[in-house]
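A.B. asks: Quick one: structure below, then a few questions.
The values are calculated or read from the model by the stated rules, or taken from the named source; none is laboratory data. For clarity, every value in this text was computed on a predicted model and none was experimentally measured. Neighbour counts are summed over all protein chains in view; Cβ atoms, including those assigned to glycine, are modelled from backbone coordinates with ideal geometry. The accessibility values were calculated without ligands, DNA or RNA, using every heavy atom of the protein model including side chains. Shrake-Rupley method; radii C 1.70, N 1.55, O 1.52, S 1.80 Å.
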Amino acid sequence: MTEQSNRKQSIMTRVAQALHFVEPETGAVVPSIQPTATYARDENYEIRKPYWYRRDGSQTTAHAEAIIAELENAAESLLFSSGMSACTAVIEHLPTGAHVVVPKVMYHGVLQQIQKYEENKRIVVSYYAAGNLEEMAKAVRKGETQLVWVETPNNPNWEVTDIAAAAEIAHAAGAKLMADCTGTPPSMTRSLDLGADISFHSATKYLNGHSDVTAGVLSVKETGQYWDDIFWVRKLQGTVLHSQDAWLLIRGMRTLFLRVERACQNAMSLAKHFDGHPHIEKVLYPGLASDPGHEVAKRQTDGQFGGMMSIIIKGTEQNAIDVTRFCQLFYPATSLGGVESLVEHRKTVSGEGFPVHPQLLRLSIGIEDADDLIYDLEQALARAFA
Ligand SMILES: *Cc1c(COP(=O)(O)O)cnc(C)c1O
């Protein structure tokens with residue numbers, strides 16, 4: 001073996017080249033899309049493994065899964081047609097009556113889904129304040145809790161949870177730890193290496209990065225019956241990621257490291273600029289040294305702090321809504337993790353009853369010029385308070 005072939009390549013290199021893809025027949029460096037819904041058996045009427053019908057998966061989807069598995073240091077990854085369908089598969093695979101521990105405030109869709117299952121007596125739920133490990137430790141029941149759910153950084157206030165410490169709490173009780181690190185993709189946070197049992201990302205967000213796909217991914221270091229059960233939910237509900245979307249995801253992931261690095265730099269510039277601004281009550285961003293999650297985030301997210309932040313506007317709820325109306329560069333849209341910056345009034349989007357500050361604006365910082373973004377928010381704030 002040559003010295004070169006022994007040398008471990010950086011994950012940045014591996015992802016940029018989609019795992020050094022070369023199509024054997026033609027030498028194409030971009031994979032083809034495999035759109036087929038069914039696969040012909042061979043001359044002995046045997047299934048040509050590993051595929052036989054699209055609900056099990058396809059070659060294009062498996063290629064995207066292999067890239068994410070490398071990013072996550074995982075044994076296996078499974079892609080779903082949305083983040084929500086991946087989360088639903090995890091909830092659905094639990095036996096009836098299972099006890100789960102989740103944050104009181106988290107991504108609203110997941111919280112609503114968990115509450116629906118709780119109302120229907122499918123699962124039993126205990127809650128802890130996001131990021132609060134003492135409350136988490138009190139909420140788990142030894143020998144009874146099956147799943148502890150962590151979202152870090154946590155929507156929409158960006159509390160940081162120490163994943164390694166949460167894993168200890170979950171494991172001491174005999175539970176698995178599920179970590180939703182959508183806000184800090186695996187170029188920054190590898191939750192499985194920190195002790196999580198199931199890593200989840202909405203791949204709609206940073207992994208794809210171009211706001212043209214919905215996708216969700218689960219990754220694990222250890223497979224087993226529970227993983228087979230999750231696979232079966234995907235198969236029977238037909239929520240595997242389509243080949244076309246997997247292809248777009250492969251293309252998007254090639255620039256993951258570059259996009260995320262730029263978004264983090266931009267977010268830090270904006271957070272520093274608007275911290276202490278006369279029209280802003282508070283900037284919620286773990287990158288600020290004053291943020292309670294700063295030290296844990298520094299360790300857990302490779303010294304970067306992500307592209308997500310929230311600002312709490314002074315004045316009234318209408319002032320906050322006006323800022324989103326007057327932005328000319330930030331799109332007034334939901335979602336996050338794309339190359340374009342988005343602003344949203346979270347209370348309007350989460351719906352009545354969801355516990356969120358009425359003047360909170362969630363910002364997804366993209367890869368545009370930071371000065372342009374700062375100028376846009378400044379002029380929108382000036383108009384909203386004129
Ligand atoms: C977007 C998101 C989800 C849900 O993912 P979809 O792809 O929109 O279904 C779950 N968790 C977090 C933190 C998210 O940001």
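A.B. asks: Tell me, which residue of region 345-367 that is among the charged types (D, E, K, R) and free of Cβ contacts under 8 Å to residues at least 40 places away in the same chain is surrounded by the most Cβ atoms within 10 Å (Cβ to Cβ)?
C.D. replies: Only one residue fits best here, namely Lys347.
A.B. asks: Take the residues of region 196-218 that are more than 14 Å from Glu151 (Cα to Cα) and over 12 Å from the mean Cα position of the chain (by Cα): which is surrounded by the most Cβ atoms within 10 Å (Cβ to Cβ)?
C.D. replies: Here the residue is Val213.
A.B. asks: Need pairs with beta-carbon distance below 6 Å; first residue among the small types (Gly, Ala, Ser) and within region 368-386, second outside any helix (DSSP H, G or I) and crowded, with 18+ Cβ neighbours inside 10 Å; sequence gap 6+ or separate chains.
C.D. replies: Hits for this filter: Ala380/Cys327.
A.B. asks: Can you tell me which residue among Ala263, Ala271 is in contact (Cβ under 8 Å) with a residue 60 or more places away in the chain, outside the structural domain of Leu94 (by TED's automatic domain parsing) and assigned to a helix (DSSP H, G or I)?
C.D. replies: Ala263
A.B. asks: Looking only at region 171-183, decide whether some residue is of a type in the set (Asp, Glu), within 16 Å of the ligand (Cβ to nearest atom), at pLDDT 95 or above and outside any strand (DSSP E or B). Explain how you work it out, then say what you get.
C.D. replies: Residues of region 171-183 of a type in the set (Asp, Glu): 180.
With the extra rule that they be within 16 Å of the ligand (Cβ to nearest atom), the set shrinks to 180.
From what's left, at pLDDT 95 or above: 180.
With the extra rule that they be outside any strand (DSSP E or B), the set shrinks to none.
Checked against the condition, which is being of a type in the set (Asp, Glu), within 16 Å of the ligand (Cβ to nearest atom), at pLDDT 95 or above and outside any strand (DSSP E or B), region 171-183 yields no hits at all.
A.B. asks: What number of residues within region 308-344 satisfy the criterion of being open to solvent by less than 10 Å² (accessible area, probe 1.4 Å) and either away from the ligand (no atom under 16 Å from the Cβ) or farther than 26 Å from Leu111 by Cβ (or both)?
C.D. replies: Total meeting the criteria: 5.
A.B. asks: Could you go through region 198-207 and let me know if any residue there is over 16 Å from Val110 (Cβ atoms) and either out of contact with any Gly (no Cβ under 9 Å at 6 or more places or on another chain) or touching a residue at least 24 places away in the same chain (Cβ under 8 Å) (or both).
C.D. replies: yes
A.B. asks: Testing Ala129 on (1) within 15 Å of the ligand (Cβ to nearest atom); (2) aliphatic (A, V, I, L, M); (3) open to solvent by 20 Å² or more (accessible area, probe 1.4 Å), one condition comes back false. Which one is that?
C.D. replies: (1)
A.B. asks: Next question. Have a look at Ile68, Ile114 and point out the one that is within 15 Å of the ligand (Cβ to nearest atom), over 16 Å from the mean Cα position of the chain (by Cα), in the same structural domain as Ala175 (by TED's automatic domain parsing) and buried (at least 18 other Cβ atoms within 10 Å of the Cβ).
C.D. replies: Ile114
A.B. asks: Consider region 79-101. How many of its residues are within 14 Å of the ligand (Cβ to nearest atom), outside any helix (DSSP H, G or I) and buried (at least 24 other Cβ atoms within 10 Å of the Cβ)?
C.D. replies: Of the residues in that region, 2 qualify.
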